[in-house]
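Here the structure comes first, spelled out in structure tokens, and everything after it is commentary.
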Amino acid sequence: MMGERTVSALYAGGTLVFVLLTWQFAVTVLNVPAYFIPAPTNVVTALIRGRDLYAAHFMVTLWSTLVAFGVAFLLALLLGALVSEVRFLERTLYPMLVALQSMPRIALAPIIIVWFGFGPTSKIVLGILSAFFPIFLNTVHGLKVVDSDQIALMRSFRATRSQIFWKIKLPNALPFLLAGANIGIIFAILAVIVGEFLGANKGMGYLIVNQSSQMDTPGVFANIVLLSATGLVFHYGLQALRNRLLFWASGSEAAGTSA
């Protein structure tokens with residue numbers, strides 16, 4: 001018998017094929033202009049025709065996204081650990097960071113571009129700001145929801161605060177940390193693209209704006225396909241990493257949710 005993952009993959013693949021065929025049929029029958037809604041075949045043609053162009057701009061966006069996500073991940077892990085372990089920081093820094101979370105980071109994009117210029121630095125900064133908060137908040141939550149009996153047991157064996165953190169708290173927070181990372185990586189790529197929309201001379205966001213101004217709708221859709229595929233790779237890649245690292249956890253624990 002086929003496994004659950006195989007069945008899910010077949011359902012997803014079948015749905016995608018059905019949508020593409022329906023899309024192709026509707027556009028062809030209704031004679032919809034390609035500049036309005038291109039057929040899937042037009043999008044594939046655009047991808048093949050401009051593969052070198054897409055590759056060059058894609059690597060710029062990918063590099064900015066990965067750097068932004070990496071820095072955000074490390075900062076969120078460090079600050080999350082400090083806030084959960086140091087009572088003073090929990091009372092002072094944590095409320096301020098929670099308040100900053102409600103601030104629309106995308107609205108800061110024009111100011112960040114003024115501060116850091118039109119190069120990749122401004123996109124990386126915007127990506128860091130967007131990816132940081134979901135990772136940070138999940139990390140703090142994961143470090144806080146520890147079984148008190150486990151802590152008591154470790155203390156009965158005269159475990160140090162550092163040992164309790166590394167052996168109990170951090171493994172307990174790992175599902176939450178990876179769940180936050182799954183959200184953060186998507187936020188990072190969205191922020192980088194928005195930054196490229198507003199001011200850049202390369203990158204996928206810049207390319208989309210340039211193609212839109214030339215009414216190259218198939219080209220824009222080709223960009224969307226590439227970015228969607230990238231988001232899926234990030235999502236399922238982190239999911240695979242989570243399953244690999246958290247083989248010991250129950251379903252709800254591995255998903256980063258508390259019972």
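Could you order the peptides 227-234, 128-135 from most to least packed, using the average number of other C-beta atoms within 10 Å per residue?
Top of the packing list down: 128-135, 227-234.
Suppose the chain between Lys167 and Ile224 were pulled fully straight at 0.36 nm per residue; how much longer would it get relative to their current alpha carbon spacing?
Additional length available on full extension: 16.2 nm.
What net charge is computed for the residues neighbouring Gly127, neighbours being all others with C-beta under 11 Å from the C-beta of Gly127, Lys and Arg scored +1, Asp and Glu -1?
Local net charge: +1.
For the ranges 136-145, 109-118, 181-190, 75-84, what's the packing order if you count other beta-carbon atoms within 10 Å of each residue, average per peptide, and put the highest first?
181-190, 136-145, 75-84, 109-118
If each residue's Cβ is checked for other Cβ atoms within 10 Å, how do Arg158, Arg49 rank with the fewest at the top?
So the ranking, lowest neighbour count to highest, is Arg158, Arg49.
Within segment 132-149, list the residues whose amide N lies under 17 Å from a label point set 7 Å along Cα→Cβ of Ala159.
Only 142-149 fall inside the zone, counting backbone N under 17 Å.
Mind sorting Lys169, Lys202 by how few other Cβ atoms lie within 10 Å of their own Cβ, fewest first?
Lys202, Lys169
None of the figures in this text is laboratory data; all of them are computed from the coordinates on show. Nothing here was measured: the structure is a model prediction, and the numbers come from that model. Cβ: placed from backbone, ideal geometry, glycine included. Neighbour counts: every protein chain shown.
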